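Undergrad: Below is a structure I'd like to ask you about.
The values are calculated or read from the model by the stated rules, or taken from the named source; none is laboratory data. Please read all numbers here as calculations on a predicted model, not as lab measurements. Positions of Cβ are generated from backbone atoms using ideal geometry, with glycine treated the same way; all protein chains shown enter the neighbour counts. In case anyone asks, the SASA skips ligands and DNA or RNA and just uses the protein heavy atoms, side chains included. Shrake-Rupley method; radii C 1.70, N 1.55, O 1.52, S 1.80 Å.
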Amino acid sequence: MKILDIQTGRISLPLARPFKTALRTVEALSDIVVRVVTDEGVGYGEAPPTAVITGDTDGSILCALHDYIRPALMGMDVMDLPACMEKLNACMVHNTTPKAAVDMALYDLWAKAQKKPLYQLLGGARTSFKTDITISVNPVSQMVEDSLDAVKQGFDILKIKVGKEGEKDVERIAAIREAVGPDVQLRVDANQGWEAKEAVRIIRAMEDRGLCLDLVEQPVPALDTDGLEHVTRNVETPILADEAVFSPRDAENIIRRRAADLINIKLMKTGGIWNALKICRMAEENGVECMLGCMLESRLSVAAAAHLAAGQKIVTRADLDGPSLCAVDPYEGGPEFDGAAIRMTDDAGIGVRNVPCEFWS
């Protein structure tokens, strides 16, 4: 299965409502789509420009794909997956988002060649699981309304964005807890919005209020590993490392120091499934559970993350709500996204087809 071309296109989808975090506000998804063409078929991937997190922009993604990744992989045999991944990861440093798009397209082709859904080849741990849904940062009354609406849609795990107003976030979460009741699971994501001592103070206040959080995600800046460790050691609530973990080396450092209780794996941070599997193996060896998350991505690339989540038993949580945040879903095939429920299918590869964009070399 020889690689003949790597092509790019673009997909733009409106969001059901603006996506707001401590870092950014987005009203529409606009991502680069990748198609890897071989002499036996095509595979698809997606690259969302998320400069505030990965550093990748539209321009840098396209440059990486056309000027570095495409020349490096042309003519290679997809069935020699380790060689392809070694070349992909060695052709340039960083640029994890375009690497992830090509990585998932290669896995799509590799699994299609074996006529199996990818998740079965990645371990086959489960055939279905639940995702949370994100509640954006807004005035408290709006966040309460959005939370109640999500519960009406069948979501019983909410991921609440905070990090902009310090200790006022305690009142924000308290209002949501009172509105949705005790049976809805709440996760809090500060998106690096607090300093370490502030984070301890805020999380302890939430604990004292009996808000019963499942976890707090990335409370401090990504590079502040000391601060992350300080928070983890001084609160009872589990702490999830997100922006602090891009590579297997990052994960090894967090695990060795016990700087967080959990690790959030996102394909756009790791550069794709190949490196994400390395993190999964390391986490499993050390008894550290993982969550599988996503950026603002359409069902195309979220499906790839769903296959990894379904394949690996160490992945015990999912934040794969990208399709639920979009106002429309133009795709067919692959995992079924039905509100909070994600169900795997028998479609070979990643399975997503009917990709609605024009491609160019």
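Undergrad: Would you look at the GNM of the chain, springs on alpha carbons closer than 10 Å, and say which of ARG70, ARG256, ARG201 moves the most?
TA: Residue with maximal mean-square fluctuation among ARG70, ARG256, ARG201: ARG256.
Undergrad: How long are the semi-axes of the equivalent ellipsoid of the chain, defined as square roots of 5 times the Cα gyration tensor eigenvalues? Whole Å, largest first.
TA: For the chain, the ellipsoid semi-axes come out as 34, 21, 18 Å.
Undergrad: To continue, here is another question. Using a 7 Å offset from the Cα along the Cα-to-Cβ direction at both LYS168 and THR25, what is the distance between the two label points in nm, to one decimal?
TA: 1.4 nm
Undergrad: Hey, got the Cα dimensions of segment 249-361 along the principal axes, in Å, largest first?
TA: Dimensions of segment 249-361 along the principal axes of its Cα atoms: 45, 35, 26 Å.
Undergrad: Something else about it: With the convex hull built on the Cα atoms of segment 197-246, state its orientation-averaged projected area in nm². Working shown, then result.
TA: Values: hull surface 12.4 nm².
The directionally averaged projection comes out at 3.1 nm².
Undergrad: Turning to a different aspect of this structure: Quick check: at a probe of 1.4 Å, how many percent of the accessible area of segment 171-258 sits on carbon and sulfur atoms?
TA: Numbers: 1730 of 3820 Å².
Roughly 45 percent of what the probe reaches on segment 171-258 is carbon or sulfur.
Undergrad: Kirkwood hydrodynamic radius, segment 1-120, all distinct C-alpha pairs: what's the number in Å? Provide the component values of the computation, followed by the final result.
TA: Working: mean 1/r = 0.0667 Å⁻¹.
One decimal place: 15.0 Å for the Kirkwood radius.
Undergrad: Under 12 Å from a point 7 Å along the Cα-to-Cβ line of LYS278: which residues of segment 66-88 have their amide N that close?
TA: What the label zone holds, given the 12 Å backbone N cut-off, is 85-88.
Undergrad: OK, next. Just order 228-237, 344-353 by mean Cβ neighbour count inside 10 Å, highest at the front, would you?
TA: On the way: 228-237: 18.9, 344-353: 20.9.
Ranking, from highest mean packing down: 344-353, 228-237.
Undergrad: Taking every alpha carbon pair in segment 69-145, what does the distance histogram look like in 5 angstrom bins from 0, in percent?
TA: Histogramming segment 69-145 at 5 Å steps yields 3, 12, 18, 15, 12, 11, 9, 9, 6, 4, 2, 0 percent.
Undergrad: If you don't mind, another one. Under 5 Å between amide H atoms, partner at least 5 residues away or on a different chain: which partners does ARG10 have, H built in plane at 1.01 Å?
TA: VAL33, GLU358
Undergrad: Quick check: residue separation of ASP58 and ASP183 times 0.36 nm, minus the Cα distance between them. What number comes out in nm? Provide the component values of the computation, followed by the final result.
TA: Working: separation 125, 0.36 × 125 = 45.00 nm, distance 4.12 nm.
So the chain would gain 40.9 nm between ASP58 and ASP183.
Undergrad: At 222 nm, what helix-only mean residue ellipticity would the chain give, in deg cm²/dmol to the nearest 500, using -39500 (n - 2.57) for each DSSP H run of four or more?
TA: Computed mean residue ellipticity for the chain: -11000 deg cm²/dmol.
Undergrad: Stokes-Einstein at 4 °C, 1.567 mPa s, Kirkwood radius from Cα pairs: D for segment 122-265 in µm² s⁻¹? It would help to have the intermediate numbers written out before the result.
TA: Numbers: Rh = 15.6 Å.
After rounding, the answer is 83 µm²/s.
Undergrad: Let me ask something else. Quick one: compute the contact order of segment 126-256, relative version, from alpha carbon pairs under 8 angstrom and 6+ residues apart, as a percent. Display every interim value, and only then the final one.
TA: Values: 203 pairs, mean separation 25.8, N = 131.
In percent, rounded to a whole number, it is 20.
Undergrad: On the accessible surface of segment 1-44, probed at 1.4 Å, how many percent belong to carbon and sulfur atoms? Please list the in-between numbers first.
TA: Working: 850 of 1800 Å².
The C+S portion of the solvent-accessible surface of segment 1-44 is 47 percent.
Undergrad: If you stretched the chain out fully between ARG256 and THR345, how much longer would it get, using 0.36 nm times the residue separation minus the C-alpha to C-alpha distance? Intermediate results must be reported in sequence, preceding the final value.
TA: Details: separation 89, 0.36 × 89 = 32.04 nm, distance 3.69 nm.
Answer, rounded to one decimal: 28.4 nm.
Undergrad: What is the helix-to-structure angle for 96-113, meaning the angle in degrees between its Cα long axis and the longest Cα principal axis of the chain, kept from 0 to 90 and rounded to the nearest 10?
TA: Tilt of helix 96-113: around 60 degrees.
Undergrad: While we're here: Please list the non-local residues whose amide H lies under 5 Å from the amide H of LYS266, H modeled 1.01 Å from N, same-chain partners needing a gap of 5 or more.
TA: GLY293
Undergrad: Next up: So, for segment 241-361, what is the accessible surface per residue at a probe of 1.4 Å, expressed in square angstrom?
TA: Working: 4060 Å² over 121 residues.
Counting only protein heavy atoms, the per-residue value for segment 241-361 is 34 Å².
Undergrad: Now for a different question. So, R0 is 56 Å and r is the distance between the beta-carbons of ASP156 and LEU81; what FRET efficiency does that work out to, to 0.05? Show your work: numbers first, answer last.
TA: Details: r = 37 Å, r/R0 = 0.67.
About 0.90, to the nearest 0.05.
Undergrad: Now for a different question. Gain in length, LEU223 to GLU236, computed as 0.36 nm per residue apart minus the alpha-carbon separation, to one decimal in nm? Before the final figure, lay out the partial values.
TA: Working: separation 13, 0.36 × 13 = 4.68 nm, distance 2.24 nm.
Full extension from LEU223 to GLU236 adds 2.4 nm.
Undergrad: Something else: Say R0 is 25 Å: what FRET efficiency, to the nearest 0.05, do GLU285 and ARG249 get from their beta-carbon distance?
TA: On the way: r = 15 Å, r/R0 = 0.61.
Taking R0 as 25 Å, the efficiency between GLU285 and ARG249 is 0.95.
Undergrad: Per residue, how much accessible area does segment 44-200 have with a 1.4 Å probe, in Å²? Walk me through the numbers on the way to the answer.
TA: Working: 6230 Å² over 157 residues.
It amounts to 40 Å² per residue over segment 44-200.
Undergrad: Suppose each label sits 7 Å from its Cα in the direction of the beta carbon; what would the ASN354-GLN142 distance come out to in nanometres?
TA: 3.3 nm
Undergrad: Continuing with the same structure: With an 8 Å Cα cut-off and a minimum separation of 6 or more residues, compute the relative contact order for the chain in percent. Intermediate values should be presented prior to the final figure.
TA: Values: 830 pairs, mean separation 75.9, N = 361.
The normalised contact order for the chain reaches 21 percent.
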